[in-house]
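Peer 1: Take a look at the following structure, please.
The values are calculated or read from the model by the stated rules, or taken from the named source; none is laboratory data. Just so it is clear, the model here is predicted, and its values are computed rather than measured. Reconstructed Cβ throughout: ideal geometry from the backbone, glycine too, with neighbour counts over all protein chains shown. Remember, those area values only see protein heavy atoms, side chains included, never the ligands or the DNA or RNA. Shrake-Rupley method; radii C 1.70, N 1.55, O 1.52, S 1.80 Å.
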Amino acid sequence: MRTNALKTNVLLIEDNEQNRYLVTFLLENQGYRVTAAVDGPTGIAAATTQHFDLILLDIQLPVMDGYAVARALRATPCKTPIVAVTSYAMTGDRENALAAGCNGYIEKPINPATFVAEVSRFLRPAHEEQQP
Ligand code: MN
(Lines give C-alpha, C1' and ligand atoms only; values in the text may rest on other atoms or scores of the structure.)
Protein backbone atom coordinates (compact mmCIF):
# COMPACT_ATOMS: atom_id res chain seq x y z
CA MET A 1 0.00 0.00 0.00
CA ARG A 2 1.23 3.46 -0.83
CA THR A 3 0.66 4.85 2.64
CA ASN A 4 2.70 2.06 4.19
CA ALA A 5 5.50 2.61 1.70
CA LEU A 6 5.94 6.09 3.16
CA LYS A 7 6.23 4.77 6.66
CA THR A 8 9.51 4.03 8.33
CA ASN A 9 9.88 0.27 8.55
CA VAL A 10 11.58 -1.04 11.67
CA LEU A 11 12.59 -4.63 12.28
CA LEU A 12 12.59 -5.45 15.98
CA ILE A 13 14.52 -8.55 17.02
CA GLU A 14 13.57 -9.15 20.65
CA ASP A 15 12.69 -12.31 22.57
CA ASN A 16 10.98 -10.63 25.53
CA GLU A 17 7.25 -10.23 24.95
CA GLN A 18 6.88 -7.19 27.23
CA ASN A 19 9.73 -5.38 25.49
CA ARG A 20 8.28 -6.26 22.08
CA TYR A 21 4.94 -4.86 23.15
CA LEU A 22 6.40 -1.64 24.55
CA VAL A 23 8.70 -0.91 21.61
CA THR A 24 5.99 -1.72 19.08
CA PHE A 25 3.48 0.47 20.93
CA LEU A 26 5.85 3.43 21.17
CA LEU A 27 6.95 3.28 17.53
CA GLU A 28 3.52 2.59 16.01
CA ASN A 29 2.11 5.45 18.07
CA GLN A 30 4.51 7.74 16.19
CA GLY A 31 3.62 6.32 12.78
CA TYR A 32 6.37 3.76 12.34
CA ARG A 33 5.66 0.29 11.02
CA VAL A 34 7.14 -2.48 13.15
CA THR A 35 7.88 -6.07 12.22
CA ALA A 36 8.88 -8.25 15.16
CA ALA A 37 11.12 -11.30 15.20
CA VAL A 38 11.52 -13.37 18.36
CA ASP A 39 15.00 -14.75 17.65
CA GLY A 40 18.09 -14.13 15.56
CA PRO A 41 17.53 -16.59 12.71
CA THR A 42 13.98 -15.28 12.20
CA GLY A 43 15.26 -11.71 12.24
CA ILE A 44 18.02 -12.44 9.76
CA ALA A 45 15.53 -14.13 7.43
CA ALA A 46 13.31 -11.04 7.56
CA ALA A 47 16.18 -8.56 7.15
CA THR A 48 17.51 -10.34 4.08
CA THR A 49 14.15 -10.69 2.30
CA GLN A 50 12.34 -7.42 3.12
CA HIS A 51 13.32 -3.76 3.17
CA PHE A 52 13.74 -2.13 6.56
CA ASP A 53 14.96 1.36 7.41
CA LEU A 54 16.31 0.31 10.80
CA ILE A 55 16.93 -2.85 12.81
CA LEU A 56 16.54 -2.78 16.59
CA LEU A 57 18.47 -5.70 18.00
CA ASP A 58 18.24 -7.13 21.49
CA ILE A 59 21.59 -8.53 22.64
CA GLN A 60 20.38 -11.20 25.05
CA LEU A 61 18.64 -13.61 22.68
CA PRO A 62 18.28 -17.40 22.78
CA VAL A 63 20.18 -19.63 20.34
CA MET A 64 22.10 -16.77 18.72
CA ASP A 65 22.97 -13.63 20.71
CA GLY A 66 22.69 -10.14 19.29
CA TYR A 67 26.40 -9.89 18.52
CA ALA A 68 26.19 -13.03 16.37
CA VAL A 69 23.09 -11.66 14.65
CA ALA A 70 24.85 -8.36 13.87
CA ARG A 71 27.94 -10.15 12.54
CA ALA A 72 25.78 -12.42 10.37
CA LEU A 73 23.80 -9.47 8.97
CA ARG A 74 26.97 -7.50 8.19
CA ALA A 75 28.17 -10.50 6.20
CA THR A 76 25.12 -10.15 3.92
CA PRO A 77 24.36 -7.33 1.44
CA CYS A 78 21.97 -5.84 4.05
CA LYS A 79 23.14 -2.28 4.76
CA THR A 80 20.30 -1.37 7.11
CA PRO A 81 21.51 0.42 10.24
CA ILE A 82 21.50 -1.85 13.30
CA VAL A 83 20.92 -0.43 16.77
CA ALA A 84 21.63 -2.70 19.72
CA VAL A 85 19.17 -2.48 22.58
CA THR A 86 21.11 -3.65 25.55
CA SER A 87 20.63 -3.87 29.29
CA TYR A 88 24.27 -4.75 29.85
CA ALA A 89 25.76 -2.17 32.15
CA MET A 90 29.39 -2.65 31.24
CA THR A 91 30.76 -0.36 28.56
CA GLY A 92 32.66 -3.27 27.04
CA ASP A 93 29.38 -4.68 25.83
CA ARG A 94 28.61 -1.47 23.97
CA GLU A 95 32.01 -1.67 22.32
CA ASN A 96 31.29 -5.30 21.46
CA ALA A 97 28.03 -4.26 19.84
CA LEU A 98 29.83 -1.69 17.68
CA ALA A 99 32.60 -4.19 16.88
CA ALA A 100 29.96 -6.70 15.78
CA GLY A 101 28.67 -4.20 13.23
CA CYS A 102 25.97 -2.31 15.11
CA ASN A 103 25.72 1.41 14.31
CA GLY A 104 24.86 2.35 17.88
CA TYR A 105 22.99 1.27 20.95
CA ILE A 106 20.09 2.25 23.15
CA GLU A 107 20.11 1.28 26.79
CA LYS A 108 17.47 -0.70 28.60
CA PRO A 109 15.31 -0.20 30.48
CA ILE A 110 13.53 1.55 27.64
CA ASN A 111 12.54 5.10 28.54
CA PRO A 112 9.13 5.71 26.92
CA ALA A 113 9.69 9.48 27.05
CA THR A 114 12.84 9.42 24.92
CA PHE A 115 12.88 6.09 23.06
CA VAL A 116 11.41 7.20 19.72
CA ALA A 117 13.70 10.23 19.58
CA GLU A 118 16.69 7.98 20.26
CA VAL A 119 15.59 5.63 17.48
CA SER A 120 15.10 8.47 15.00
CA ARG A 121 18.72 9.57 15.45
CA PHE A 122 19.82 6.44 13.62
CA LEU A 123 17.64 6.89 10.55
CA ARG A 124 19.41 7.94 7.39
CA PRO A 125 19.05 11.55 6.24
CA ALA A 126 17.96 10.27 2.82
CA HIS A 127 14.95 8.76 4.45
CA GLU A 128 14.07 11.92 6.33
CA GLU A 129 14.08 13.81 3.04
CA GLN A 130 11.30 11.51 1.85
CA GLN A 131 9.04 12.63 4.66
CA PRO A 132 6.23 15.02 3.64
MN1 MN B 1 16.34 -10.61 25.36
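Peer 1: Pairs of alpha-carbon atoms within less than 8 angstrom and 6+ residues apart define the contacts here; what relative contact order does the stretch 3-125 have, in percent?
Peer 2: That works out to 23 percent.
Peer 1: What are the ³J(HN,Hα) values, in whole Hz, obtained from phi via the Karplus relation 6.51 cos²θ - 1.76 cosθ + 1.60 with θ = phi - 60°, for each residue of the stretch 32-40 in sequence order, with x given for Gly and Pro?
Peer 2: 7, 9, 10, 10, 9, 10, 8, 8, x
Peer 1: To continue, here is another question. Once the Cβ-Cβ distance between Thr49 and Ala113 is put in as r, and R0 is 30 Å, what FRET efficiency do you end up with, to the nearest 0.05?
Peer 2: 0.30
Peer 1: Hey, any idea what % of the chain's accessible area is carbon plus sulfur with a 1.4 Å probe? Mind showing how you got there, number by number?
Peer 2: Details: 3850 of 7250 Å².
Result for the chain: 53 percent of the exposed heavy-atom area is carbon or sulfur.
Peer 1: Could you give each residue of the stretch 72-83 its phi-based ³J(HN,Hα) in whole Hz, using Karplus coefficients 6.51, -1.76, 1.60 with θ = phi - 60°, and x for Gly or Pro?
Peer 2: 5, 5, 6, 8, 9, x, 4, 9, 4, x, 10, 10
Peer 1: I'd like the distance between the alpha-carbon centres of the stretch 8-37 and the stretch 56-114, rounded to an integer number of Å.
Peer 2: That distance is 15 Å.
Peer 1: While we're looking at this one, here's another question. Exactly which trypsin sites (Lys or Arg not before Pro) in the stretch 14-86 are in a DSSP loop and have at most 12 other Cβ atoms within 10 Å?
Peer 2: Lys79
Peer 1: Could you compute Rg(Cα) / (2.2 N^0.38 Å) for the stretch 68-110, with N its residue count?
Peer 2: With N residues counted in the stretch 68-110, Rg over 2.2 N^0.38 Å equals 1.13.
Peer 1: Kirkwood Rh, Cα Rg: Rg to Rh for the stretch 1-70? Intermediate results must be reported in sequence, preceding the final value.
Peer 2: Details: Rg = 11.9 Å, Rh = 12.2 Å.
Reported Rg/Rh (Cα atoms, Kirkwood Rh): 0.97.
Peer 1: Roughly how big is the chain's charge dipole about its Cα centre, with Cβ charges of +1 (Lys, Arg) and -1 (Asp, Glu), in debye to the nearest 20?
Peer 2: 400 debye
Peer 1: Shifting gears a bit: What's log10 of I(q)/I(0) for the chain at q = 0.09 Å⁻¹, Debye sum over Cα points only, no solvent?
Peer 2: -0.23
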